[in-house]
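Right, one structure below, let's go through it.
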Amino acid sequence: MEHVDAVVVGSGFGGAVAAYRLAEAGLSVVVLERGRPYPPGSFPRSPSELGQAFWDPREGLHGLFDVWSFRDCDSVVSSGLGGGSLIYANVLLRKEESWFVRDEPLPGGGHESWPVTRADLDPHYDVVERMIGATPYPLGHPGYDDTLKTLAMRDAAAELGLDWRLPPLAVSFAPSPGAEPGLGLPIVDPVYGNAHGVPRRTCRLCGECDIGCNDGAKNSLDHTYLAAARRNGADLRTLHEVRAIRPSVGGGYDVDYVEHMPRAENEDRPRRERWTGPHTISCDRLVLAAGTYGTTSLLLKNRARFPRLSEALGTRYSGNGDMLSFLLRAKDRTRTRPINASRGPVITSAIRLADGDEGRGAYIEDGGYPSFVDFLVEGASVGSELGRAARFLLERLRGIVTHDTNLSAEIAGLIGPGELSGSSLPLLGMGRDVPDGELRLRDGRLDVVWTAETSEEYFDRVRSTMRRISDVLGAEYADSPSWRRKRVMTVHPLGGAPMGRHPGEGVCDAYGEVFGHPGLYIADGAAMPGPVGANPALTIAALSDRMSTRILENRRTAALEVPRAKAAVPAWDAGSPGDPTSLWFVEEMRGSLAVGRSDPHSRMGTSEAGQFMFRLTITADDVQRFLTEPEHQARAEGWIEADMCGGRRPVTSGWFNLFVPGDSPDRREMRYRLHFWDSENRPRTLAGWKDVHHGPPTRLWLDTSTLYARLLEGHVEEGADDDAKAIAAGTLHILPTDLVKMLTTFRTAGPDGPSSLARFCGFFLGELWEIYRPRHGS
Ligand SMILES: Cc1cc2nc3c(=O)[nH]c(=O)nc-3n(C[C@H](O)[C@H](O)[C@H](O)COP(=O)(O)OP(=O)(O)OC[C@H]3O[C@@H](n4cnc5c(N)ncnc54)[C@H](O)[C@@H]3O)c2cc1C
Ligand code: SF4
């Protein structure tokens, strides 16, 4: 089977950044992208091309637009080399610092919590902006002053006292960075070359960004990150769709994919799915970047193969507050105010609404569209079209009578003055809606459960600001037709595999690594624990850059530490250099604690005893280090359950220490320290120890299966228990049936799986022998 260091699934913002960073560092990288490549000039334009430009391989369609219709919302994403960047509106805004909220309650329970801050992301925002070539719309330069929609937004904001700005856009207005902007000039190729070998030209303000830029003026990912990734050796495979993923035996991951074979042009064979495969590739690191819908459905469909996936899978879905409205027939006093929304890139400017008394924060941006849409807009205005047609016929009759053969004036009249299209503007809202939606499978198909209801206050704020913008521009305000049924169309779906501080909160950690599955990463919109608020692509890319830095740091640390640790380890360790091998197992203990007691050894009456249990996944991320360091410390993740704490509560941080030295040479302790929050949001610590000490071998089971435990107020660190207030104390036990279950849960991941497990067992048994072995004279 083919094996590489890293497989990246999807080539959008998360995938392209990861592919480049890992390839640049020398890893062998394969990118599997389901869609096609789109060189400049190949984006569909004619009605027949546009009719085929959808993604539904079962119907033989392998096009650019992947359109979803769920019960209460609709959505569009992209399929192609470069993902959403092929059809996005180029805006690269950073997420506001105060929008990285912590523990913000959600209406149906739970919290929105970002485990990263703006300061964490700023260096990565810088890098991505540079690489993609983000630059504001060059308003003020000759040739760019006639973008009337930009000026209209600026004027409206000034009159309303709103914060207006020109956001960075991923568009080449100039032939090279720092050069003078100009329309339709040849673009100088970057150092990593031209991805498609087709010349690119600077932006000519045609408004076609959302149906693909045929000039190559958009700095989409195929022209930037993916071209650089390929230059560094990444293998970019298009029309390769991933269908299944699973942990490999012995560490790493296996990925099953099919290769699509699109219908040839004009081929009249029936539409049906055509593909080869499935083929399998294995890898040490698997980066899921198939977008919110792609990544979440892959995880949901393969959930049984990842038994330790968090319950948070599918949660925190939101549409990033997307809201489309229209401003129609703008007027300057009594005259039509020209706006000409089809001139300029799709978005040029943004009005920012801060979080505050008026509600959750948002952006409102000017929308644009290709000029052929102007004709559709005029055509949709049926009354005036019929009137113009009638006038045209009358004029023609008169022309026949007077032998007038020049049709120009009549045709101009038939087309009309274009007042409606020339003085109207789509307004695009987005911001901090409530991320309480859920992605799930229904009959094997992805489904979204999300309504605009819980975000109504947010949507009302955005709509009322749009209405005020309309008013000051003398225009009529119109909601999008679907808003009448409270349906939202989102182009920014987020969530589904959110990041969190622990598995009770998220599927992956703040670096995108999936809890309980080392080497499996989520790098795309699915990892967002809530709305980005601003257009999300830059934040997704910056998080992927941060994730990649972490992957590479871990790789370097492991490479440096293995030889050092090797020198210090006993003879049983012949660990091979390379990535660390991790080991984990699941342990369940149950028993009772007495409220009001602080000594777990004291006898308790049945009336004061309260049931207490926990289920933990104990993970040694690096078995080598775990065995050699004296504290033998591993991570403990999972939950506790007790009425005295308000039911089942996730462990937010947990540590386990195996056989740390006790107060005499023949004594060891197995320590557990679990931090969590009770149902009233009070911090709690369960501190427990198993006391393993010399005695007859018959003690062995009792010692290793009994945990003396104290429930403490606060999140108490090791060494501070005596100063903490005890709430309850008692003992927990492993039942023999739970022990049998536990023995079946031992797993390893990494290059050294079986021997790491053997070393772990050797250490465990060796310590027990050391403690319980018969002594001279005893
Ligand atoms: C019309 C429109 C305008 C937008 N404008 C903006 C904007 O101005 N600014 C902004 O920030 N955002 C904008 N967005 C949103 C932006 O495009 C997305 O937020 C962004 O692309 C998400 O990045 P991602 O990495 O999560 O996934 P994507 O970019 O969606 O990439 C996912 C990739 O994975 C591929 N894939 C899916 N499933 C599989 C599979 N099973 N196997 C292999 N490949 C798979 C897909 O084909 C796709 O290429 C816009 C979106 C649209 C539709
Ligand atoms: S306005 Fe036209 S030329 Fe400019 S980036 Fe958009 S699609 Fe390309």
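When you go through (1) at pLDDT below 95; (2) in contact with a His (Cβ under 8 Å, 6 or more places away or on another chain) one by one for Glu241, which number turns out not to apply?
(1)
Quick test for you: out of Val198, Val188, pick the one residue that is at pLDDT below 95, among the β-branched types (Val, Ile, Thr), more than 21 Å from Ile87 (Cα to Cα) and not in a strand (DSSP E or B).
Testing whether each residue is at pLDDT below 95, among the β-branched types (Val, Ile, Thr), more than 21 Å from Ile87 (Cα to Cα) and not in a strand (DSSP E or B) leaves just Val188.
Sort out which residues of the range 655-712 are aromatic (Phe, Trp, Tyr) and assigned to a strand (DSSP E or B), and write them in order of number.
Residues satisfying the conditions are Trp655, Phe656, Phe659, Tyr672, Phe676, Trp677, Trp689, Tyr708.
Picking from Val29, Val77, Val8, Val91, which residue would you name as being at negative phi, modelled with pLDDT of 95 or more and within 16 Å of ligand 2 (Cβ to nearest atom)?
Only one candidate passes the filter, namely Val91.
Among the residues of the range 577-616, how many are hydroxyl-bearing (Ser, Thr, Tyr), touching a helix residue (DSSP H, G or I) at 6+ places or on another chain (Cβ under 8 Å) and part of a strand (DSSP E or B)?
The number of residues fulfilling the criteria is 1.
Contact list please: Cβ distance under 7 Å, first residue in the range 205-225 and over 15 Å from Pro175 (Cα atoms) and near ligand 1 (Cβ under 10 Å from one of its atoms), second residue in a loop (DSSP other than H, G, I, E, B) and of a type in the set (S, T, N, Q), pairs at least six apart or on different chains.
Qualifying pairs under 7 Å: Cys209/Asn90; Leu221/Ser11.
Looking at Glu59, Glu2, which is the one that is in contact (Cβ under 8 Å) with a residue 60 or more places away in the chain, away from ligand 2 (no atom under 16 Å from the Cβ) and more than 30 Å from Trp483 (Cβ to Cβ)?
Of the residues listed, the single one that is in contact (Cβ under 8 Å) with a residue 60 or more places away in the chain, away from ligand 2 (no atom under 16 Å from the Cβ) and more than 30 Å from Trp483 (Cβ to Cβ) is Glu2.
Within the range 35-52, does at least one residue satisfy the condition of being buried (at least 20 other Cβ atoms within 10 Å of the Cβ), within 24 Å of Thr296 (Cα to Cα) and either in contact with a helix residue (DSSP H, G or I) (Cβ under 6 Å, 6 or more places away or on another chain) or of a type outside the set (A, V, I, L, M) (or both)?
Within the range 35-52 (the criterion being buried (at least 20 other Cβ atoms within 10 Å of the Cβ), within 24 Å of Thr296 (Cα to Cα) and either in contact with a helix residue (DSSP H, G or I) (Cβ under 6 Å, 6 or more places away or on another chain) or of a type outside the set (A, V, I, L, M) (or both)), the answer is yes, since at least one residue qualifies.
Among Ala475, Ala497, Ala510, Ala452, which is within 12 Å of ligand 1 (Cβ to nearest atom) and either surrounded by fewer than 21 Cβ atoms within 10 Å (Cβ to Cβ) or at negative phi (or both)?
Ala497
What number of residues in the range 151-191 are within 14 Å of ligand 2 (Cβ to nearest atom) and of a type in the set (Phe, Trp, Tyr)?
Of the residues in the range 151-191, 1 are within 14 Å of ligand 2 (Cβ to nearest atom) and of a type in the set (Phe, Trp, Tyr).
Just the residues that are over 27 Å from the mean Cα position of the chain (by Cα), of a type outside the set (D, E, K, R) and more than 6 Å from ligand 2 (Cβ to nearest atom), please, taken from the range 195-215.
Scanning the range 195-215 gives His196, Gly197, Val198, Pro199, Thr202, Asn214.
Report yes if Val116 is crowded, with 20+ Cβ neighbours inside 10 Å and either within 16 Å of ligand 2 (Cβ to nearest atom) or farther than 30 Å from Asp471 by Cβ (or both), otherwise no.
No.
Would you mention how many residues in the range 201-233 are over 24 Å from Ile540 (Cβ atoms) and not in a loop (DSSP other than H, G, I, E, B)?
Counting residues in the range 201-233 that are over 24 Å from Ile540 (Cβ atoms) and not in a loop (DSSP other than H, G, I, E, B) gives 1.
Yes/no matrix, rows are residues, columns are (1) modelled with pLDDT under 95; (2) more than 30 Å from Tyr192 (Cα to Cα):
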| position | (1), (2) |
| --- | --- |
| Phe100 | no, yes |
| Pro107 | yes, yes |
| Gly110 | yes, yes |
| Pro123 | no, no |
| Val127 | no, no |
| Pro167 | no, no |
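So which residues in the range 299-349 are among the basic types (Lys, Arg) and either away from ligand 2 (no atom under 16 Å from the Cβ) or within 22 Å of the chain's Cα centre (by Cα) (or both)?
Across the range 299-349, the qualifying residues are Lys301, Arg303, Arg305, Arg308, Arg316, Arg329, Lys331, Arg333, Arg335, Arg337.
Sort out for me the strands (runs of 3 or more DSSP E) sitting completely within the range 444-537 that have 1 or more residues that are of a type in the set (Asp, Glu).
445-449, 476-479
For the range 290-302, give me the residue count where each residue is touching a Phe, Trp or Tyr at 6+ places or on another chain (Cβ under 8 Å) and among the hydrophobic types (A, V, I, L, M, F, W, C).
Here the count works out to 1.
From the set of residues in the range 166-185 that are out of contact with any Lys or Arg (no Cβ under 7 Å at 6 or more places or on another chain) and not in a loop (DSSP other than H, G, I, E, B), which is surrounded by the fewest Cβ atoms within 10 Å (Cβ to Cβ)?
Pro168
What number goes with the only condition from (1) of a type in the set (A, V, I, L, M, F, W, C); (2) more than 29 Å from Thr454 (Cα to Cα); (3) buried (at least 24 other Cβ atoms within 10 Å of the Cβ) that Leu299 does not pass?
(2)
Any residue in the range 540-549 that is out of contact with any Ser or Thr (no Cβ under 8 Å at 6 or more places or on another chain) and more than 16 Å from ligand 1 (Cβ to nearest atom)?
yes
Counting only residues that are among the aromatic types (Phe, Trp, Tyr) and touching a strand residue (DSSP E or B) at 6+ places or on another chain (Cβ under 7 Å), which one in the range 673-726 is nearest to Leu765 (Cα to Cα)?
Taking the candidates together, the pick is Trp689.
The values are calculated or read from the model by the stated rules, or taken from the named source; none is laboratory data. Since the model is a prediction, treat every value here as computed from it, not as a measurement. So basically every Cβ, Gly included, is an ideal-geometry build from the backbone, and we count neighbours across all protein chains shown.
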